[in-house]
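For reference, the structure is listed below as structure tokens.
The values are calculated or read from the model by the stated rules, or taken from the named source; none is laboratory data. Predicted model only: the values in this text are computed from it and were never measured. We place every Cβ from the backbone using ideal geometry, glycine too, and count neighbours over all the protein chains shown. Surface accessibility is based on the protein's heavy atoms, side chains included, excluding ligands, DNA and RNA. Shrake-Rupley method; radii C 1.70, N 1.55, O 1.52, S 1.80 Å.
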Amino acid sequence: MKAQPVPKEVLQKLNEGVVIPAMPLALNSNRKLDERRQRALIRYYLHAGSGGLAVAVHTTQFAVRKPEIGLYEPLLNLASEEFTRFSSKTGKPVIRIAGVIGKTDQALKEATLALKYGYNAALLSVAAFRDSSNEEILKHCREIASSIPIVGFYLQPAVGGRKLDVDFWREFAGIENVVAIKIAPFNRYQTFDVMRGVVESGRADKIALYTGNDDSILFDLLSEYEIPFGSKKIRKRIVGGLLGHWAVWTRSAVRMLNSVHSGQFVKNIRKTIILANKITDSNAAFFDARNNFAGCIVGLHEVLRRQGLLEGIWTLDPKEALSPGQKEEIDRVYAMYPELNDDEFVAENLDSWLS
């Protein structure tokens, strides 16, 4: 199966840089898919101005793939229907990204399903290769890239990722069908390793870089890197974000990214740093940083529940719950940074999204 290229208008949008939330899973009190609210969530993201959506990724819960749960394909299908509906009404393309995980056989099956439902690229996790060599992982990546365009994924170890060195990223970026990389190690040194690897691959102009460093969102978006390559100095920036954090307060995230792209933040660097730290503080509450991210998914659910987009904070794991003190931390950042939420936007549109 030969990989289909990303449509030109979608690739252009990806390279310009957009907001791409990582989609949460909407469940009812029986921990079954709440299709009505799942569709409402997707409509929220698209109407808030997101340029795309990542489906069946960490924020969606990897367990959707378990045979007894069986939600991987239904979610791809449901989201695809909403993407098509939105594009038909607005004429705007949606960057469709499907999470793909596991060893090669599983990943190829998931890639095939993603292509079946019209997804443009696979966000490729290599967490299943925790103890493998670079070459073993790269062989896997090349096989998946032969089927579908791929977005690389540097996932932090605290939530299942592994360390990947600059040599890996240099070789990975050299794979022809790599179109983007999500950088999410929550580590500045490792973030720079990705940057170096991309530049030294010689394909820096072919790969869009997206932050997944939810603890450093605005700083990442404002940073510019200058890295020697041969006789030249190559400049490279992170152009957008593919983020769990942007699964909440999404309208505000879109406005912030637009301000980054228009250069507004460079006019007052002190205010910009203050805003960046407010966002990081909010993320600490949502992602439960004080408890090593144990409540990162339910923290996002709690915000969406308060807005009425979700009915509750249920996940597929009955043991998963807000950590002690996490609700109070979310209360705190809501009170301290009211300018960051988009509750009013949600309230104005919720009924139509749920209909």
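For this structure, a couple of remarks:
- Each Lys or Arg adds one and each Asp or Glu takes one away; over the other residues whose Cβ falls under 10 Å from the Cβ of I279, this sums to -2.
- Computed over protein heavy atoms with a 1.4 angstrom probe, the accessible surface ordering of S282, S252, largest first, is S252, S282.
- Placing a pseudo-label 7 Å from each Cα along the Cα-to-Cβ vector at S223 and E176 gives an inter-label distance of 3.2 nm.
- Rounded if a/c under 1.5, otherwise prolate or oblate - the stretch 245-355, Cα gyration tensor axes: oblate
- Stretched out straight at 0.36 nm per residue, the stretch from K319 to E348 would grow longer than its current Cα-Cα span by 7.1 nm.
- Shown in residue order for the stretch 113-129 are the 3J(HN,Hα) couplings computed by the Karplus curve 6.51 cos²θ - 1.76 cosθ + 1.60 at θ = phi - 60°: 5, 4, 5, 4, 9, x, 6, 7, 7, 10, 7, 9, 7, 10, 4, 5, 9 Hz (x for Gly and Pro).
- J(HN,Hα) series, the stretch 331-344, from Karplus relation 6.51 cos²θ - 1.76 cosθ + 1.60, nearest Hz, glycine and proline x: 4, 4, 6, 4, 6, 6, 10, x, 5, 8, 7, 10, 4, 5
- In the full protein context, the chain carries 43 Å² of accessible surface per residue, based on a 1.4 Å probe and ignoring ligands, DNA and RNA.
- Accessible area of the chain belonging to carbon and sulfur atoms, whole % at 1.4 Å probe: 50
- Distance between the C-alpha centres of the stretch 53-73 and the stretch 74-138: 11 Å, rounded to the whole angstrom.
- Gained length - S355 relative to S88, 0.36 nm times residue gap less alpha-carbon distance: 94.3 nm
- Placed amide H near V178: partners under 5 Å, 5+ positions off or other chain: I150
- Cα gyration tensor shape of the chain, rounded if a/c is under 1.5, else prolate or oblate by comparing a/b with b/c: rounded
- Considering only the stretch 1-146, percent of DSSP beta bridges that pair antiparallel, nearest 5: 10
- For the stretch 272-334 versus the stretch 178-214, the gap between their alpha-carbon centres in whole angstrom: 27
- Loop trypsin sites (Lys or Arg not before Pro), the stretch 226-335 (other Cβ atoms within 10 Å of the site Cβ: 10 or fewer; DSSP): K319
- Taking amide H as placed 1.01 Å from N in the peptide plane, F153 has its amide H under 5 Å from the amide H of L124, K182, each at least 5 places away in sequence or on another chain.
- The stretch 1-143 - charge dipole about Cα centre, Lys and Arg +1 at Cβ, Asp and Glu -1, debye rounded to 20: 420
- Annotation: the antiparallel percentage among DSSP beta bridges lying fully within the chain is about 20.
- Estimated from helical segments only, the mean residue ellipticity of the chain at 222 nm is -14000 deg cm²/dmol, where each DSSP H run of four or more residues counts as -39500 (n - 2.57).
- Shape category assigned to the stretch 116-216 from the gyration tensor of Cα positions, a/c cut at 1.5: rounded
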